[in-house]
Structure formats: structure tokens, C-alpha cells
Amino acid sequence: QVQLVESGGGLVQPGGSLKLSCAASGSIFSIYAMGWYRQAPGKQRELVAHITSGGSTNYADSVKGRFTISRDNTKNTVALQMNSLKPKDTAVYYCNAHIFTWATDRYDDYWGQGTQVTVSD
């Protein structure tokens, strides 16, 4: 069984910063990719940022230059530093990981429970 636990969401003013963290635990053999997605009310879930085990990153155009994804392979954690936040960044942010487990003997996608980020005056 695998769990992804997120932390770090909250309320911030426009122009402010927040850092999200996510830790994966359980019967993990390896993690290929980890990432962050978000879903605003009435909208589809979208990719925010993605990082592979080798450190290759990919960002949504809307967050390039403002958000930075990082990962600690030794601790199975991924973080998202969000700077210059805008009201349109308001959403529930979900951690995602592509994990190979002993139990399934294959890679599967796992999701955290989500953490609310609200950017408002």
C-alpha cells in the first residue's frame, strides 16, 4: 500500500509565496516521476509541474518562472515552491507519483488527498 501525504497549502496574498511538500510512503520499490496537479472549481485537473527520477522537469506555461519543483529521491519527497502567486493560481493542488511497488510488480499512478491553495486579498 502506498500513501502520498501533502502539506503546505493555505491562504496567501497576491504576490506572496507558498511551498507545498509531499511525502510518499509504503511498499515502494522505485518512483519514476513525481508531480503536482491542480484543479480549480469548475475546471479540469491540470498538470502544474513534473520531475523525473533523473531530475528532468516540465512546467505548465502559466507557472514557468514562478514555480519550482524539486525532489529528494532518498526521502521519496517532492516539493513545489510557488512564488509571485496570482489569484488564478487558486485551486486544490494534488501530488502525483508514478510508483513501482512490490505488491503489484508494476508502475501505477498514486495521488495525494489534495491541499487547498487560495490566493486572495
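Worth pointing out:
- 10 Å beta-carbon shell around H98, net charge (K/R +1, D/E -1): -2
- Cα radius of gyration and Dmax for the range 1-53 (Å): 13.6, 40
- A Gaussian network model of the chain, with springs between Cα atoms under 10 Å, assigns the largest mean-square fluctuation among G55, G35, G26 to G26.
- Size of charge dipole - the chain - debye, nearest 20, with Cβ of Lys, Arg +1 and Asp, Glu -1, no other charges: 260 debye
- Scaled radius of gyration (Cα, divided by 2.2 N^0.38 Å) that the chain gives: 1.04
- Computed FRET value (nearest 0.05) for T74 with Q1, which takes r as the C-beta separation and R₀ as 22 Å: 0.55
- Proximal aspartates and glutamates relative to K64, as straight alpha-carbon distance under 14 Å, when same-chain residues fewer than 8 apart are discounted: D89
- Split the accessible area of the range 1-91 by element, probe 1.4 Å, and carbon with sulfur accounts for 47%.
- Dividing the convex hull volume of the alpha-carbon atoms in the range 45-104 by its residue count gives 107 Å³ per residue.
- The Cβ shell under 13 Å around A40 holds other residues with a net charge of +3, Lys and Arg each +1, Asp and Glu each -1.
- Rolling a 1.4 Å probe across all protein chains gives L18 an accessible area of roughly 30 Å².
The values are calculated or read from the model by the stated rules, or taken from the named source; none is laboratory data. A quick note: this is a predicted structure, and the numbers were derived from the prediction, not measured. No Cβ is skipped: glycine too gets one built from the backbone with ideal geometry, and neighbour counts run over all protein chains shown. Each accessible area value is taken on the protein alone, full model and side chains, heavy atoms only, with ligands, DNA and RNA left out. Shrake-Rupley method; radii C 1.70, N 1.55, O 1.52, S 1.80 Å.
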